[in-house]
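**Q** Just passing along the structure, written as structure tokens.
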Amino acid sequence: MPRRRMIYEGKAKILYEGPDPDTIVQYFKDDATAFNAAKKAVIDGKGVLNNRMSEHFMTGLNLIGVPTHFIKRLNMREQLVRKVEVIPLEVVVRNIAAGSMSKRLGIEEGTNLPRPIIEFYYKDDNLNDPLVTEEHAIAFGWASQQDLDEMISLALRVNDFMCGVMYGIGVKLVDFKIEIGRIFEGDFQRLVVADEISPDSCRLWDIETGKKLDKDVFRQDLGDLADVYAELATRLGVMPKKSSTTGPKLVD
Ligand code: UDP
């Protein structure tokens, strides 16, 4: 069988042509990057864990009627998704102050926000993905007012779902980023959640201990990222608990 044709290689994933013209295969790499790829590493097993966790979240969203591009997981590192036209805006939802918002507005990290706050960032690595307003998005044709209203409503539904899932495993959803794409059906377009939802794009803090269970562990050199992702995947029930033995066991 000929190797799939590559469409695009990003920082953490590779996209290949899918079996049908309206599908794509997403391959999850082990590469970790931070600070717009100024910091890089290969984290053994990260791609496998993110493929599993993203499948878990996207399947849950599809089930409760929040449309996503996800069709099915194909193997350890690949999933089949609908081809979409990605809107060039990263949508960030924040429940607790952290990261760039804390720095920009001087709000102490960990402060509960009075309501979820949504922000849009223009996807452009050369500009470092700047924060933009709805006015910019409309004026420059990145999204219409109707798109933006739908994106906000989708983002809030994802937030409700993800907060619930995380609370169930003893984790606070501090903030996260999603990407949204257009699917065209005849003359109509639908917006769906695209890309991935994984600890690479969320801030997750243990409710009891405050331990970080997301990519900040890599950004801030707080420990072994693969161990932290494996702990999260185990709590989510998408990976069996680590065995305490290192090798095969003799049976009586
Ligand atoms: N985020 C992301 N990709 C980006 C920028 C941010 O996935 O290119 C996520 C990040 O992991 C966090 C949330 O969006 O969960 C908010 O990030 P923030 O604006 O605080 O930026 P950071 O402090 O990560 O630079």
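The values are calculated or read from the model by the stated rules, or taken from the named source; none is laboratory data. Nothing here was measured: the structure is a model prediction, and the numbers come from that model. Cβ placement follows ideal geometry from the backbone for every residue including glycine, while neighbour counts extend to all protein chains displayed.
**Q** Which residues, counting only those in the range 89-121, are hydroxyl-bearing (S, T, Y) and away from the ligand (no atom under 11 Å from the Cβ)?
**A** Step one: list which residues in the range 89-121 are hydroxyl-bearing (S, T, Y), which gives 100, 102, 111, 121.
Matches in the range 89-121: T111 only.
**Q** May I pose another question? Taking the range 217-242 as the search range and keeping residues that are without any contact (Cβ under 8 Å) to a residue 40 or more places away in the chain and not in a loop (DSSP other than H, G, I, E, B), which one is nearest to the ligand (Cβ to nearest atom)?
**A** In this case the residue turns out to be V217.
**Q** Okay, moving on. Taking the range 8-28 as the search range and keeping residues that are without any contact (Cβ under 8 Å) to a residue 24 or more places away in the chain and closer than 23 Å to N128 by Cα, which one is surrounded by the fewest Cβ atoms within 10 Å (Cβ to Cβ)?
**A** Ranking the qualifying residues of the range 8-28, first place goes to Y8.
**Q** For R203, are the conditions met, namely being closer than 26 Å to N62 by Cα and more than 16 Å from the ligand (Cβ to nearest atom)? It would help to see each step written out before you state the result.
**A** Details: closer than 26 Å to N62 by Cα: yes; more than 16 Å from the ligand (Cβ to nearest atom): no.
Criteria not met by R203.
**Q** Suppose we filter E109, E85 for residues that are closer than 20 Å to L191 by Cα, of a type in the set (D, E), in contact (Cβ under 8 Å) with a residue 12 or more places away in the chain and surrounded by fewer than 19 Cβ atoms within 10 Å (Cβ to Cβ); which single one remains? Before the answer, list the steps.
**A** On the way: E109 fails: closer than 20 Å to L191 by Cα.
Testing whether each residue is closer than 20 Å to L191 by Cα, of a type in the set (D, E), in contact (Cβ under 8 Å) with a residue 12 or more places away in the chain and surrounded by fewer than 19 Cβ atoms within 10 Å (Cβ to Cβ) leaves just E85.
**Q** Within the bounds of the range 63-74, is there any residue that is assigned to a helix (DSSP H, G or I), under 13 Å from D195 (Cβ atoms) and either modelled with pLDDT of 95 or more or touching a Lys or Arg at 6+ places or on another chain (Cβ under 9 Å) (or both)?
**A** Just the residues of the range 63-74 that are assigned to a helix (DSSP H, G or I), to begin with: 63.
So of that shortlist, the ones also under 13 Å from D195 (Cβ atoms) come out as none.
No.
**Q** Give me the pairs: first residue in the range 140-157 and among the hydroxyl-bearing types (S, T, Y) and at pLDDT 95 or above, second residue assigned to a loop (DSSP other than H, G, I, E, B) and surrounded by 16 or more Cβ atoms within 10 Å (Cβ to Cβ), beta-carbon distance under 9 Å, and six or more apart or on different chains, which are they?
**A** none
**Q** Scan the range 34-53 and report the pairs whose first residue is in contact (Cβ under 8 Å) with a residue 12 or more places away in the chain and assigned to a helix (DSSP H, G or I) and whose second residue is among the polar types (S, T, N, Q) and within 16 Å of the ligand (Cβ to nearest atom), with Cβ atoms within less than 6 Å and a gap of 6+ or a chain change.
**A** That search, which allows pairs on different chains as well, returns N50/S198; M53/S198.
**Q** If we keep just the residues of the range 202-241 that are of a type in the set (S, T, Y) and out of contact with any helix residue (DSSP H, G or I) (no Cβ under 7 Å at 6 or more places or on another chain), which is surrounded by the most Cβ atoms within 10 Å (Cβ to Cβ)?
**A** From the range 202-241, those of a type in the set (S, T, Y) are 209, 229, 234; that's our starting set.
In the following step, the residues that additionally are out of contact with any helix residue (DSSP H, G or I) (no Cβ under 7 Å at 6 or more places or on another chain) were identified as 209, 234.
Values: T209: 8, T234: 15.
This residue is T234.
**Q** Within the range 121-143, can you find the residues that are over 18 Å from A37 (Cα atoms) and exposed (fewer than 14 other Cβ atoms within 10 Å of the Cβ)?
**A** T133, E135, A139, F140, G141
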